[in-house]
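Data block below; observations after.
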Amino acid sequence: MRVVRWALAVLSIVLVAMVGLLLWYRQASLPEHEGTLLVGTLSRPVRITRDGAGVPTISAQTEADALFALGFVHAQDRLWQIEFNRRIGQGRISEIVGPAGVDTDRFLRTVGIYRQAQAMAQELDPETRALLDAYCAGINAYLDGHHDLLPAEFLLLRAPRPAHWLPADVLAWTLMMAWDLSSEAMRNELTRLRLAARFSKAEIDDFLPSWDPSAPVTADYVDLYRRLGLPRPALATQARLLAQLSPDAGIGTAQAQGSNSWVVGGSRTVSGRPLLANDPHLALSTPSVWYFARLRAPGLDVFGATLPGVPFVVLGRNDHVAWGFTTTYADTQDLYIERVDPDHPDQYQTPGGYARFQTRVESIEVRGADPVAMTVRGTRHGPVISGALAAADAALPPSGERDAFVLALRWTALESGDTTLRAFRGMNRAGNAAQFERALHGLTLVVQNVVYASDDGHIGFQVAGRVPVRRADNDLYGLAPSPGWDARYDWQGWINPAELPHSLDPAQAMIVTANQKITPPGYRGFLTMEWKAPYRAHRIEQLLAAQTRHDIGSFQRIQADVTSLAARELLQALAGTAPTTPVGRAALQRLRAWDGAMRADAPEPLIYQAWMRRLKQRIFDDDLGSLAPDLVEPVPLTGAMLGVLTGQARARRWCDEVGTPERHQDCLTLAAESLDQAAGELAREPRDLDPLRWGSRHPAVFEHRPFSSVPLLRGWFEQRAPQPGDGDTVDVGVLRLRGERPFEARAGASCRMIYDLAVGATGVWMFAPGQSGNPFSPQFGDLLEPWRKVQYRPIEPPANPALTLILKPSVP
C-alpha cells in the first residue's frame, strides 16, 4: 500500500506539473500586444493599436517603418503559417513532414518556384527592394527576440527554428498564390489529354462545355493525339495530381473557386457616392490566408486584407480609392508535348531541329528517410513536368517506347520582368482613379478582374495581368497540350495592358464580375474560353436591379444571398421526373415547392444535392470508367448536366448504360432512380425528411496545415461551422461530392468587404476564423460565428483600442 500511495503521489505531482506547464505555455506563447519593445532597424518609433478582433492599426513616420511593423505583427500572429508557406515555396516541406511531402517538393522544385523568386528579387527596383528589406527585417526582429518560444506546431513537429527571411521568401509566396489562381488551366489541359484516350473531341465538348457561345472553334486535338500515338490509358489516376496539391501533402490551396465583386456609382446609392463589394473565394484554412491590418504613414493610409509573408494591402481601400479582385481565368499556362529524340534522349525536337534539354540536379532532404535526388529538365517553353506529376505521366506513353514524349509547362509567372509588388504599392498609395489604374498596369503574376471606386465619384473595371498573345493560326488556343515542335503554338509576347478589357463610369453605373465572361462584344484579344458559369453574376445583377438605391445594408444582404439559379434551372430540366418510392415522391414534392435557396436550416438543399450527386454518377461514371473518381469530383458538371438533360449534348447517349446495349435508358428514368436512391439514403420514410438540415451535412471546413491530416490533432487545430449555399450561390460554399464526408465545403468566401466612398464613411469587413494562428489565443476562432452569419465589423472600430504596442529602435 505504501508503494501504491507513493506511486499515486508521484503521478499526481507529474499531472500537476504537466497542467502547470501547459498553463504556462498557453500564456507564454501569446505574443506581446501591449507595452514597449526595443527592436532592430526602425528609424523611429511605431505605434500599433489593436481592436477587439486583434486587427492592428500601424502608425509610423515612414513607409518603410510601417512595413517593418507589418512584418513584425505577421510573425507575432502567424509565425507557423508564414514558415510553412515559405517551405512550400522553397520545396522543402519534406524536411519537416517526411516522405508525405516528397511529391509536392518534387513538383515545386521542378517548376522552379524558389529559383524564379530568387531571380525576381534580383530584378526589383531599388525603392521596392528597400521596402521589401524593411518588411523582412520586421519578421526577423520578431524571430530574434522570440527564438526560444515557438508556436505549438513547431513543438509538435519538432521543426527547426526559422531562419531569417529574405526577399526571395516573400516573392516565392506571391508565386504560390499566383499558382493557386492560375493552375486550373494546366489541370484542364491534362484532363482533355486524358479524356482523348477514350472520347472524341465532340464528346469531350459535351463533358467540358464552354460558357462562351462565341468561343472560337478549336482543331480536333483528339485526332492529332491519336496520329501521334498518344495518349494511352494508364492505371495511375489524376487523383494523385490532386493529392499532390492538397493540404495533406502540404500546399493546402484548393483550386480557385471564383469570387464576387461589384461596384455601383452614386446614381444608384443612397449617399450619392460609390459603393463597392468584394468576397474572394479561396480554400478555407486555419488560420485564414488573409490577415487584416491598417497602415498609416506620410502619404499612406490603407486598410484591408494582407497576405502573411507579403507586404502591402492586397485587397482594401485607402483614403481615396477602394478596390476588389476576382479571377479572370485568363489562360496563362500552356502545356507543350515535346518529342524526345529516340537516339539521343537528352534532346528534344524544336522547329529548327533538335536541342538539348536544360538540366540541373537537386536533392530533397526528407525527414526520417534518405535524401531524394532528382534531375530537372527544361525546354525552350519551360520546365518538364513529366516525371514530377503523376497525371502528366499517365497521359503519355511510357518513356521507354520508341516514340517518347514529355510535357513541358509555359507559365507567365515564370517569365522575367515582374513588377507586381511595385504595383501593389502604387495601389495602396493611389490618390485618384487615374493613379490607381496606372498602378494596375504593373500587375503581372496573375490575371485579375479589378473593380474600383474613388471618392470623387468614379467607378471602373480593369483586367490586370500578363496575358499571352497567341498566333492567328494557333488552332488550339491553349485549350489542350500543343506540339512543342510546331512554331505556330509559341507565344508572341503579351497583350498591351491598355488593350485588356476595361471600363470607366459605364452608363448603367454598375459593374459586376463573378468569373463570368467579361470581354465585350467584338473584343479582338483572346483571354480564354473557359469562363465560369454566369449564375452568381446573374443573381447579383438581379438583386442590384431590384432596388433603386443601395447602401451598405443592401450590399450585405446580397453577399448573404443563397438562392441558386443553377438549381432552379436543373430542376426545371428535370420537371418530368417520376420517382417510384414514397420517400422519393415526397422528396420531389418538396423540391417542386422549393425556391432554390440553399439555406443551412432547410432540408431541400440537402435533398437536391444528394440527388444531383447520384445523378451525376449515374450519367457519367459508366462512360468515364476508371477516370470517374478523378473527374466527377473536381470538374464542375453543371454545364455538362444541363447539356445532357436538355438535349444539347448530342455527341453521345450519356444516359445509356455502357455495357448493356439492349437497355436504352432515358435521362428522366435515370433521374427518377437516382432520386429514389438518394432520398432513401437520407431518410427511410417521407416524414424523416423533415428534420434534415443542409448545414449539418455541409459544414465549412477550415483546414489546418498539416494537422488536419492527423486525427489526434485535427480537433485542436481545424475549425468547422454549418454553411449555407453551394458553388453557384453568391454566398458560396463549394462542395466536395466524393469521399467519406460528401457535401463538405472546403472553399468559400475567404473574406467579405464592403466599402463606402461617401464623405466620412469607410465600410465594413469580415473574415474567418480569426486573426491569430495560435489555438490558445482568443482571436483564434472568434470571427467564425459572425462570418457564418454574414455579420460584419466596421473598418473604423470604436475609439478605445483594446491594446497598444510601441516598437522603438534598439539603437539610436
Residue span Ser696 to Asp666: 0.36 nm per residue of separation minus Cα-Cα distance leaves a gain in nm of 7.4 nm
With each run of n ≥ 4 DSSP H residues scored as -39500 (n - 2.57), what mean residue ellipticity at 222 nm is computed for the chain after dividing by its residue count and rounding to the nearest 500 deg cm²/dmol? -10500 deg cm²/dmol
Using only Cα atoms, figure out Rg for the stretch 339-463 and give it as a multiple of 2.2 N^0.38 Å. 1.60
For the stretch 483-603, what D do you get in µm² per second when you plug the Kirkwood radius from alpha-carbon pairs into Stokes-Einstein at 4 °C and 1.567 mPa s? 69 µm²/s
Accessible area per residue, 1.4 Å probe, Å², for the stretch 259-387: what's the number? 30 Å²
Rounded, prolate or oblate: which fits the stretch 445-487 when a ≥ b ≥ c are the square roots of the eigenvalues of the alpha-carbon gyration tensor, with rounded for a/c under 1.5 and prolate only if a/b beats b/c? prolate
Of the listed values [x] 248; [y] 195; [z] 221, identify the label whose number matches volume of the Cα convex hull per residue in Å³ calculated from this model. [y]
At what distance in nm do the modelled label points of Gln508 and Asp622 sit from each other, each positioned 7 Å from its Cα along Cα→Cβ? 4.4 nm
Using packing as a proxy for protection, rank 380-388, 30-38, 569-577 so that the peptide with the highest average count of other Cβ atoms within 10 Å comes first. 380-388, 569-577, 30-38
Mind ordering 171-182, 546-557, 580-591 by average Cβ neighbours within 10 Å, highest first? 171-182, 580-591, 546-557
Amide H within-cut-off set for Val469, under 5 Å, with H built and near neighbours excluded: Gln492, Gly493, Trp494, Ile495
Qualifying lysines (Cα of each under 24 Å from Cα of Lys201; at least 8 residues distant if same chain): Lys517, Lys532, Lys616
Considering just Cα atoms, how many Å³ per residue does the convex hull of the stretch 352-411 enclose? 125 Å³
The stretch 110-139-the stretch 63-83 distance, computed between alpha-carbon centres (Å): 16 Å
Going through the DSSP H helices of the chain, which span 20 Å or more along their own axis at the Cα atoms while scoring at least 1.6 as a mean Kyte-Doolittle hydropathy? none
Full-extension gain between Tyr354 and Arg549, please, as 0.36 nm times their residue separation minus the C-alpha to C-alpha distance. 63.7 nm
Förster radius 22 Å - calculated FRET efficiency between Arg227 and Asp343 (Cβ-Cβ, nearest 0.05): 0.50
Between the stretch 701-728 and the stretch 752-812, what is the C-alpha centre distance in whole Å? 22 Å
Expressed as a whole-number percentage, the relative contact order of the stretch 712-760 with C-alpha contacts under 8 angstrom and at least six residues apart is 21 percent
Which number comes out as Rg/Rh for the stretch 412-530 once both Rg and the Kirkwood Rh are worked out on C-alpha atoms? 1.01
Which peptide among 558-565, 187-194 comes first, and what is the full order, when sorted by highest mean count of other Cβ atoms within 10 Å? 187-194, 558-565
Using a 4.7 Å Cβ cut-off, which Cys residues in the chain lack a partner cysteine? Cys136, Cys751
Determine the relative contact order of the chain: mean sequence separation of Cα pairs under 8 Å and six or more apart, normalised by residue count, in whole percent. 19 percent
Percent relative contact order of the stretch 513-592, based on C-alpha pairs within less than 8 angstrom and at least six residues apart? 24 percent
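Length gain on complete extension for the stretch Thr580 to Arg380, per 0.36 nm per residue less the alpha carbon to alpha carbon distance?
Full extension of this stretch gives 66.0 nm more.
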With label points built 7 Å along Cα→Cβ from the Cα atoms of Glu32 and Leu713, find their separation and express it in nm. 2.9 nm
Determine the percent antiparallel among the DSSP beta bridges restricted to the chain, to the nearest 5. 90 percent
As computed over the stretch 544-691, the Cα convex hull volume per residue (Å³): 142 Å³
Report the Cα centroid-to-centroid distance between the stretch 280-335 and the stretch 527-585 in angstrom, as an integer. 27 Å
For the modelled label position 7 Å from the Cα of Asp212 along Cα-to-Cβ, which residues of the stretch 441-484 have backbone nitrogen atoms closer than 11 Å? 477-479
Given a Förster distance of 41 Å, report the FRET efficiency between Ala487 and Glu657 from their Cβ-Cβ distance, rounded to the nearest 0.05. 0.35
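The values are calculated or read from the model by the stated rules, or taken from the named source; none is laboratory data. The structure displayed is predicted, hence computed values, not measured ones. Neighbour counts run over all protein chains shown; Cβ positions are idealised from the backbone, glycine included. When the accessible area is computed, the model is the full protein with side chains, heavy atoms only, and any ligands, DNA or RNA have been set aside. Shrake-Rupley method; radii C 1.70, N 1.55, O 1.52, S 1.80 Å.
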